[in-house]
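Undergrad: One structure is given below, represented as structure tokens, and several questions about it will come after.
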Amino acid sequence: MEEANGRNQTPIIQFILLGFGNVRELQPLLFLLFLVFYIVTVVGNTLIIILVVIDHHLHIPMYYLLGNLSTLETCYTSTILPRLLVSLATGDRTISFKGCIVQLYCFGVMSATECLLLTAMSYDRYVAICNPLRYAALMNGRVCAKLVAGSWISSLVGCGIVHVFLSHLTFCESNEIDHYFCDFSPLINLSCDNTQILQLVTFIISAIGTLVPCLLTLTSYICIIVTILRIPSSTGRKKAFSTCSSHLIVVTVFYGTLITIYVVPTANSPKVLNKVFSVFYTVLTPMINPVIYSLRNKEVNESLRKILGKTMSLEEW
Ligand SMILES: *[C@@H]1O[C@H](CO)[C@@H](O)[C@H](O)[C@H]1NC(C)=O
């Protein structure tokens, strides 16, 4: 097979993820740190899913979407952190070629879906605040299910196209990936094929996939803010704003990290800075969403208290 490519180097079938370097003393500390991150993320998001499923007050599109976002984020961190934890604990840093490609694909699909779900959530807030009379017609369970399905399907297809190109690459330069998971650019850099077309296709797909949702979200929020500013009473303004403030924070954090990573030039900056930035979007973003919602959103907060109160009183009983 390799001969057909006109190369006689042995193809690489396994990679080494260099992770956070080789400092022995640092590994247990990093292990504990990421273990705590992982547990907080999974517990927090699971709690949100439970609340959305069992509390009738939360059976509206806004919280259906939130429940779906939490489900997604649990899976999202699970594509990266468990493997990192195992490698920090055992010191085994290898990952098979297949494993690497699968990790990259899952990670790509989930980031794209997250972006689209956040857009669906801002559309929901847009309709609720700027077009309240038509809310029931424009945003109901059926529309919501379609938006969720649409987000998943378009991400699967978009990443699938890139995946087809990727799985045909041969790697022969080196098998050391200087990162803690199989991310696109570190992996591409190791290929000995011409990756220009792949890079162009990926660039176009990801530019469309992030710019369009970003612009839609921005437009929704401009309309929302203009509408809120027009509300005459300050209590009315506060009330309208409180239903979208948690989402606005989550969106700002998401695009904030995205923009920092892709716009701020990191080519010449030390690799470690790159990894630290990656930790922000792979680990911290999924972790803070439940925190923001349970602290700032009144309905989620009340629902949480009710459930915790019930569990407490059951225990006393
Ligand atoms: C995800 O969205 C669907 C469609 O609106 C909804 O029926 C389902 O309950 C949501 N899932 C969660 C965990 O909230």
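Undergrad: What tally of residues in the stretch 63-91 results from selecting those that are open to solvent by 10 Å² or more (accessible area, probe 1.4 Å), within 11 Å of the ligand (Cβ to nearest atom) and over 15 Å from residue 288 (Cα atoms)?
TA: Within the stretch 63-91, residues that are open to solvent by 10 Å² or more (accessible area, probe 1.4 Å), within 11 Å of the ligand (Cβ to nearest atom) and over 15 Å from residue 288 (Cα atoms) number 2.
Undergrad: Then there is this: For the subset of the stretch 111-155 comprising residues that are more than 11 Å from the ligand (Cβ to nearest atom), in contact (Cβ under 8 Å) with a residue 24 or more places away in the chain and β-branched (Val, Ile, Thr), which member is surrounded by the most Cβ atoms within 10 Å (Cβ to Cβ)?
TA: Among residues in the stretch 111-155 that are more than 11 Å from the ligand (Cβ to nearest atom), in contact (Cβ under 8 Å) with a residue 24 or more places away in the chain and β-branched (Val, Ile, Thr), the one surrounded by the most Cβ atoms within 10 Å (Cβ to Cβ) is 113.
Undergrad: Of the residues 37, 20, only one is open to solvent by 10 Å² or more (accessible area, probe 1.4 Å) and assigned to a loop (DSSP other than H, G, I, E, B); which?
TA: Going through 37, 20 in turn, just one is open to solvent by 10 Å² or more (accessible area, probe 1.4 Å) and assigned to a loop (DSSP other than H, G, I, E, B): 20.
Undergrad: Do you know which of the residues in the stretch 262-284 that are over 17 Å from residue 180 (Cα atoms) and part of a helix (DSSP H, G or I) is modelled with the lowest pLDDT?
TA: The qualifying residue modelled with the lowest pLDDT is 263.
Undergrad: Being touching a Ser or Thr at 6+ places or on another chain (Cβ under 7 Å) and hydrophobic (A, V, I, L, M, F, W, C) is the requirement here; does residue 222 meet it? Full working, then the answer.
TA: Details: touching a Ser or Thr at 6+ places or on another chain (Cβ under 7 Å): no; hydrophobic (A, V, I, L, M, F, W, C): yes.
For residue 222, the condition - touching a Ser or Thr at 6+ places or on another chain (Cβ under 7 Å) and hydrophobic (A, V, I, L, M, F, W, C) - is not met.
Undergrad: For the stretch 231-238, check the following and say yes or no: at least one residue is at pLDDT below 90 and among the aliphatic types (A, V, I, L, M).
TA: Yes, that holds for at least one residue.
Undergrad: Now a separate question. Return the only residue of 42, 102 being among the aliphatic types (A, V, I, L, M), closer than 30 Å to residue 171 by Cβ, open to solvent by 10 Å² or more (accessible area, probe 1.4 Å) and away from the ligand (no atom under 12 Å from the Cβ).
TA: Of 42, 102, the one residue that is among the aliphatic types (A, V, I, L, M), closer than 30 Å to residue 171 by Cβ, open to solvent by 10 Å² or more (accessible area, probe 1.4 Å) and away from the ligand (no atom under 12 Å from the Cβ) is 102.
Undergrad: Go through the stretch 162-183 and count every residue that is of a type in the set (A, V, I, L, M), under 15 Å from residue 105 (Cβ atoms) and surrounded by 13 or more Cβ atoms within 10 Å (Cβ to Cβ).
TA: Qualifying residue count, the stretch 162-183: 3.
Undergrad: Which ones in the stretch 109-134 are out of contact with any Ser or Thr (no Cβ under 8 Å at 6 or more places or on another chain) and more than 24 Å from residue 71 (Cβ to Cβ)?
TA: 131, 132, 133, 134, listed by residue number.
Undergrad: In addition: Is it the case, given these coordinates, that residue 60 is open to solvent by 60 Å² or more (accessible area, probe 1.4 Å), under 19 Å from residue 306 (Cα atoms) and free of Cβ contacts under 8 Å to residues at least 60 places away in the same chain? Reasoning before the result, please.
TA: Values: open to solvent by 60 Å² or more (accessible area, probe 1.4 Å): yes; under 19 Å from residue 306 (Cα atoms): yes; free of Cβ contacts under 8 Å to residues at least 60 places away in the same chain: yes.
Yes: the conditions hold for residue 60.
The values are calculated or read from the model by the stated rules, or taken from the named source; none is laboratory data. Owing to the predicted nature of the structure, the values given are computational and were not obtained by experimental measurement. Methodologically, a virtual Cβ is constructed for each residue, glycine included, from the backbone with ideal geometry; neighbour enumeration extends over all protein chains shown. Accessible surface areas use protein heavy atoms only, side chains included; no ligands, DNA or RNA. Shrake-Rupley method; radii C 1.70, N 1.55, O 1.52, S 1.80 Å.
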